[in-house]
Structure formats: C-alpha cells, structure tokens
Amino acid sequence: MKRFALILGILVAFAWVVDRALLPQQGYQPEALQGVDVKPESLRYFPDNYAQSRERFRQLRTLSPSRYQVQGGLFKVSSSDEDLTVDWLHFRSNAPRLVVLVSGVHGMEAPTGAAMQQLFVDMLRAGQLPGDFDLLMLHALNPYGFKYGRRATENNVDLNRNLDTTAALFANGNHGYRQLHDFLLPQEPVDLSRWENRFFAERLSLKLLRNSRDAIQEAALSGQYQYPQGFYYGGDSFEPQQEFLQQLLIDKAAPYQSILFIDLHTGFGTRGETHFYPGNPATEQIRRDMEWVFQDYEMVWPSEASGFFPIRGDLIGFAGKLLAAEKRFVPIILEFGTMDSLATKGGVESLHRTVLENQGHFHGFLSGQDRAEVQRRYEEMFYPSSGRWRSKIIGDMSNIYPQVLARFLQLEEVKPERGDLNITAVDSGH
Ligand SMILES: [Zn+2]
C-alpha cells in the first residue's frame with residue numbers, strides 16, 4: 001500500500017512537471033468565441049497601424065452628416081519622433097447634448113478605440129443613433145504608445161493614472177506595489193526559458209500566501225508613483241496631454257447642458273465581452289446619472305468585495321472635475337475584455353505578460369525570439385488578431401451605442417437632486 005502511494009505520488013509529480021514544462025511553449029490560448037461568425041464588414045473598422053488609423057480618423061471630417069459644422073485640430077506631443085499627434089474632431093450643431101468618444105488613453109488599446117469611433121460615425125450617418133446631439137472625438141490620446149506598441153507614454157507614464165486638476169496626485173503611495181516590487185520588476189534581460197518565467201503562476205501563488213490578494217490587486221490597478229520604470233506608473237508630474245485636454249474639454253463642452261463621455265479601453269475583463277466600469281464618480285449626482293443611463297448593463301463599482309480598486313488620476317475622473325459642476329456629466333469606461341483577466345488563469349497570464357513587456361523594455365531580451373514572443377503576447381492582450389473577437393465587439397457596440405443614447409436622452413426627464421454638485425475628493429480608502 002505504501003509502495004502504491006509512492007508510485008502514485010511520483011506519477012502525479014511527473015505529470016505536473018511535464019504539464020508545467022510544456023506550458024511556456026504552448027503559451028496561453030484564450031478560449032475561442034464559439035458560435036461567433038467572422039464578418040468582413042466588421043473587420044474593416046480595425047486599423048493596421050497608427051498612421052493609417054490617424055488618416056482614417058481625419059477623413060471622418062468629410063463624412064459628417066450635413067446638419068453639422070465640423071471643426072478639427074491636433075495636438076503635437078513633444079518627442080524625438082516629430083510625427084506624434086493627438087487628433088480631434090468636433091461635429092457641431094445647436095444640440096443641447098454632447099457625446100465625447102476618446103480612444104488610446106493607453107496606446108496599445110488605441111486601434112480598437114479608433115475602430116469604435118469609425119463605427120459610431122457610420123451609425124450616425126446611417127441614422128441609427130437616436131437623439132439630437134453633437135460629437136467630440138479624440139484619436140489616440142497616447143500616440144507614442146499606439147505607434148510603438150506600448151500601453152504607457154514615451155516617459156513610461158500610464159496616462160490613466162496621470163490626469164488630475166492638482167499635482168497632489170503624485171504624492172500618493174501604493175503599499176501593495178512596494179511589497180511586490182521585486183516580483184513585478186525583475187532587473188535583468190528577459191529569458192523566457194528561466195524557471196522564474198516557467199513557474200510564474202506558482203511564484204505568484206506563494207506571494208498570495210504571504211501578501212493578501214488585495215495587495216496584488218491594488219498593486220496592479222491603483223497605480224503607483226514610486227517606480228519610474230514600473231508599469232502603472234502615474235508619473236511625477238503631468239504629461240503634456242493634461243493641459244491640452246483641460247483646455248479642449250472646457251472650451252468645447254461650454255455650450256452643452258449634458259455630456260456623455262465614453263473612454264474606450266481593451267484588456268480587462270472577460271474575452272469578447274464589453275464591460276462598463278464607472279471609475280470613481282466625483283459626486284453622488286454623477287453616480288445616480290450613471291446608474292440611470294447604464295441601467296441595462298452590469299456595472300462594477302470599486303469596492304473591497306468586487307476586488308476592483310478605484311483608480312487614481314484617470315481620464316473620466318479628471319473630466320468630471322472639469323465639467324460636472326455646471327452640467328449633467330455621465331462618464332463611462334468601456335473595456336473590451338481580451339484575456340479573461342477576471343478568472344485566475346487569465347489574470348495570472350495578464351500579469352505575466354505585463355511584467356515581461358515592461359522588463360524587456362527596460363532591460364532587453366536574451367534573444368530575438370524572446371523579444372518577438374513577448375511582443376506577440378502583449379499585442380494579443382490589448383489588440384487581439386482574432387476575427388471572431390473583433391466581429392463580436394463590433395456587433396455588441398452596434399447595439400450598445402443606440403441603447404445608451406436612448407437612455408441618455410431620457411435622462412432629461414430624471415430630475416437632478418441638487419445640493420451635492422460641489423466636487424469633493426472621494427477617498428479611495430487605500
Ligand atoms: Zn486601458
């Protein structure tokens with residue numbers, strides 16, 4: 001009996017080792033989206049690169065419905081690359097409402113956001129979007145990241161942790177990140193064959209025994225301001241986009257009574273699903289209006305229970321501080337999930353891909369093969385090549401846009417509860 005247990009133990013251990021040894025070669029393959037048809041008319045929305053996407057965006061100027069006057073412009077981001085611009089278009093009539101669509105706050109996520117802007121204008125032209133509204137679109141808020149395949153800016157700053165009205169933001173700490181910093185930021189060139197990478201999931205499990213799951217979630221999501229070579233770095237001062245945005249938003253939003261503000265992202269959540277993340281609303285009124293406009297969808301509010309930590313320095317929070325005092329302001333972060341990041345396997349793999357890309361950016365790669373593989377995994381995490389994935393989210397948004405706009409119109413019948421329109425800082429509690 002003892003011998004049987006021993007043999008069984010050896011067999012199990014052997015199977016486990018073989019399984020682990022094979023994993024890095026196989027890579028993580030997210031589930032195919034069963035039953036979804038690939039539609040060529042959906043795929044055409046997705047651009048190949050930054051230059052092509054920007055050109056298509058600029059062409060939208062000529063495609064606005066005739067009731068609009070079109071204004072457009074660009075903001076040049078200072079860089080050794082002379083050709084990095086944030087482009088904007090404003091379709092103007094005398095409508096009381098404004099819809100804002102922003103793509104590419106995170107560079108690698110820009111092509112999908114740009115596809116959704118193209119879709120929106122197509123639907124507008126086809127008369128498929130209810131109501132009388134004007135439109136402001138910004139293309140590739142982080143053009144460096146779009147062009148060079150990074151989530152962060154050229155200064156390694158996560159723009160969605162860098163935007164606020166005061167520089168007090170940069171004094172924030174992040175306890176979880178400090179605890180895990182050796183684990184998250186390896187200081188040598190990437191070598192995918194090393195045991196640290198083969199056993200990433202096991203090492204993470206050990207970390208989870210010693211640190212709470214919350215510490216890891218906080219480290220990953222809340223942003224950090226201590227490690228300039230780390231991911232989710234919010235910077236030590238504002239990126240140039242902050243001032244540009246402040247001027248543009250205050251100027252363009254001035255005539256409107258209500259604003260629907262949609263910030264387009266990818267990478268977080270269940271693969272092929274569109275998630276509605278409300279961020280951290282600056283006022284109770286914003287929260288109530290969001291609950292009304294997005295009532296047909298599930299929203300994940302930041303809380304201990306949801307495991308979704310409030311983000312500091314994010315775009316919709318910043319826009320709320322600039323605009324919400326005098327207007328109805330209804331923001332949302334739309335996340336098109338790519339990796340099942342809410343499930344353990346996908347979550348671990350997402351973190352590993354993030355660690356490897358950042359490590360390679362700062363410390364290089366042992367081989368060209370490792371470089372190509374790490375880049376491929378990173379691109380797939382933020383811009384999946386799957387035709388099914390692309391067709392699915394275009395199909396979903398074709399329904400979501402008109403439904404959300406219809407609710408946004410109805411919002412005027414829902415009276416605001418005056419009295420708490422003063423913007424107060426919401427303490428994240430972390
Ligand atoms: Zn993002």
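The values are calculated or read from the model by the stated rules, or taken from the named source; none is laboratory data. Just so you know, these numbers come straight off a predicted model, no measurement behind them. Ideal geometry is used to build each Cβ from the backbone, glycine not excepted, and the neighbour counts take in all protein chains shown. Side chains included, ligands, DNA and RNA excluded: accessible areas come from the protein's heavy atoms. Shrake-Rupley method; radii C 1.70, N 1.55, O 1.52, S 1.80 Å.
Using the Cβ-Cβ distance between Lys327 and Trp195 with R0 set to 51 Å, the FRET efficiency works out to roughly 0.40. Other residues lying with their Cβ under 10 Å from the Cβ of Arg377 contribute a combined charge of -3, Lys and Arg counting +1, Asp and Glu -1. Amide H contacts for Thr85 (H built 1.01 Å from N in the peptide plane; partners 5 or more residues away or on another chain; cut-off under 5 Å): Val77. Gyration tensor over the Cα atoms of the stretch 188-334: the corresponding equivalent ellipsoid has semi-axes (square roots of 5 times the eigenvalues, largest first) of 34, 20, 13 Å. Whole-Hz Karplus values for the stretch 270-277 come out as 6, 4, x, 10, 9, 9, 9, 10 Hz, taken residue by residue from phi with 6.51 cos²θ - 1.76 cosθ + 1.60 and θ = phi - 60°; glycine and proline positions read x.
What is the antiparallel percent of DSSP beta bridges lying wholly in the chain, to the nearest 5?
Counting only bridges with both partners in the chain, antiparallel ones make up about 40 percent.
The accessible-area ordering, largest first, of the residues Trp389, Trp88 stands as Trp88, Trp389, per a 1.4 angstrom probe. Cross-link partners of Lys207 among lysines, defined as those whose alpha carbon lies under 28 angstrom from its own and excluding same-chain residues fewer than eight positions apart: Lys345. For the stretch 166-244, what does the alpha-carbon gyration tensor say about shape, rounded, prolate or oblate, given a ≥ b ≥ c as the root eigenvalues, a/c under 1.5 as rounded, and a/b over b/c as prolate? Here the stretch 166-244 falls in the oblate category. Specify which residue in the list Val190, Leu163, Tyr50 is farthest towards the positive end of the charge dipole of the chain, using unit charges on the beta carbon of Lys, Arg (+1) and Asp, Glu (-1), about the Cα centre. Most positive-ward Cα: Val190. Charged side chains reduced to their Cβ positions (Lys and Arg at +1, Asp and Glu at -1) give the stretch 128-273 a dipole of some 600 debye around its Cα centre. Here, P(r) means the percent of Cα pairs in each 5 Å bin from 0 to the largest distance; for the stretch 314-396 it is 3, 12, 16, 14, 14, 15, 12, 8, 4, 2, 1, 0. For Leu135, the residues whose amide H sits under 5 Å from its own are Phe91, Val99, ignoring neighbours fewer than 5 places away on the same chain, with H placed 1.01 Å from N.
Basic side chains Lys and Arg get +1 at the Cβ, acidic Asp and Glu get -1 at the Cβ, and with that the dipole of the stretch 91-165 about its Cα centre reaches some 100 debye. P(r) tail for the stretch 251-406: Cα pairs beyond 23 Å make up 47% of the total.
Each label was represented as a point 7 Å from its Cα along the Cα-to-Cβ direction; for Arg376 and Gln247 these points are 4.5 nm apart. Taken over the alpha carbons of the stretch 61-209 as equal point scatterers, the Debye sum produces base-10 log I(q)/I(0) values at 0.12 Å⁻¹ of -0.73. Select from Pro40, Gly113, Phe276 the residue farthest towards the positive end of the dipole of the chain; place +1 on Cβ of Lys and Arg, -1 on Cβ of Asp and Glu, and compute about the Cα centre. About the Cα centre, the residue reaching furthest to the positive side is Pro40. Straight-distance candidates among the aspartates and glutamates for linking to Lys76, with alpha-carbon spacing under 13 Å and chain neighbours fewer than 8 residues away dropped: Asp87, Glu239, Glu243. For Ala140, the residues whose amide H sits under 5 Å from its own are Ser103, Gly104, ignoring neighbours fewer than 5 places away on the same chain, with H placed 1.01 Å from N. Cα extents for the chain along the principal axes, largest to smallest and rounded to whole angstrom: 83, 49, 47. When you restrict to C-alpha pairs under 8 Å that are six or more residues apart and normalise by the size of the stretch 258-416, the relative contact order lands at 34 percent.
Taken about its Cα centre, the chain carries a charge dipole of about 640 debye when Lys and Arg each add +1 at the Cβ and Asp and Glu each add -1 at the Cβ. Mean residue ellipticity, 222 nm, helices only, the chain: the sum of -39500 (n - 2.57) across DSSP H runs of n ≥ 4, divided by residue count and rounded to 500, is -13500 deg cm²/dmol. Counting only Cα atoms, the stretch 97-150 measures 37, 19, 10 Å along its principal axes, largest extent leading. Take each peptide in 331-340, 250-259, 103-112, count the other Cβ atoms within 10 Å of every residue, and average; sorted highest first, the result is 103-112, 331-340, 250-259. Taken per residue, the accessible surface of the chain reaches 45 Å², heavy atoms only and a 1.4 Å probe.
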